[in-house]
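To start, the structure under review is shown below, and the notes come after it.
The values are calculated or read from the model by the stated rules, or taken from the named source; none is laboratory data. Keep in mind that this is a model prediction, so the values were computed, not measured. For neighbour counting, all protein chains shown are included, and Cβ atoms are generated from backbone atoms with ideal geometry for every residue, glycine included. For the accessible areas, the whole protein counts, side chains as well, though only heavy atoms, and no ligand, DNA or RNA atoms are used. Shrake-Rupley method; radii C 1.70, N 1.55, O 1.52, S 1.80 Å.
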Amino acid sequence: MPDMNGVEFLRELRKSPTLADTKVIITTAEPSTSDMVLDAKALGVAAVVFKPWKPQDLKKTVDQFLHSAA
């Protein structure tokens, strides 16, 4: 994103009373122990999909999320 990274976006999203509970799935090339991933998890990200990913892997994560949200 040109103006902010994903964690900064997530922080802003969480500040909004109407959007704070929005479920977010992020994709990243960062290792699972990186500060960015840990910060995203602390901010309540619904899932992290690590790059490189295959379309079917991303679809599986989205499907699991949608079924658990129903």
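So what is the 222 nm mean residue ellipticity for the chain from helices alone, if each DSSP H run of at least 4 adds -39500 (n - 2.57) and you divide by all residues, rounding to the nearest 500 deg cm²/dmol?
Mean residue ellipticity at 222 nm (helix-derived): -14500 deg cm²/dmol.
Report the extension gain between H67 and N5 in nm, rounded to one decimal, defined as 0.36 nm multiplied by the number of residues separating them, less their alpha carbon distance.
Working it through step by step, the gained length comes to 19.5 nm.
Return the sequence-ordered ³J(HN,Hα) values of segment 8-24 in whole Hz as given by the Karplus equation 6.51 cos²θ - 1.76 cosθ + 1.60 applied to θ = phi - 60°, using x for Gly and Pro.
4, 4, 4, 4, 5, 4, 5, 6, 7, x, 7, 10, 4, 8, 5, 7, 10
Return the sequence-ordered ³J(HN,Hα) values of segment 25-42 in whole Hz as given by the Karplus equation 6.51 cos²θ - 1.76 cosθ + 1.60 applied to θ = phi - 60°, using x for Gly and Pro.
10, 10, 10, 7, 9, 5, x, 4, 9, 5, 4, 4, 5, 5, 5, 4, 5, 5
Treating cross-link reach as a plain straight distance, find the aspartates and glutamates whose alpha-carbon is under 19 Å from the alpha-carbon of K41, omitting any fewer than eight places away in the same chain.
Within the straight-line cut-off, K41 pairs with E8, E12, D21, E30.
What number, in percent, do you get for the relative contact order of the chain if the mean sequence gap of Cα pairs under 8 Å and at least 6 apart is divided by its residue count?
Relative contact order here is 28 percent.
For segment 55-60, take each phi angle, set θ = phi - 60°, evaluate the Karplus expression 6.51 cos²θ - 1.76 cosθ + 1.60, and give the result in whole Hz per residue in order, putting x for glycine and proline.
x, 5, 5, 5, 4, 4
Within the chain, what whole-number % of the accessible surface is contributed by carbon and sulfur, with the 1.4 Å probe and all protein chains included in the calculation?
57 percent
Using the 2.2 N^0.38 Å rule of thumb for compact globular proteins, work out how the chain stacks up: its C-alpha Rg over that value, please.
So the Cα radius of gyration is 1.13 times the expected 2.2 N^0.38 Å.
To the nearest 0.05, what FRET efficiency results for E12 and K54 with a Förster distance of 25 Å applied to their C-beta separation?
Step by step, r from the Cβ atoms, then E = 0.25.
Counting only other residues whose beta carbon sits under 14 Å from that of D39, what net charge do I get with K and R as +1, D and E as -1?
-1
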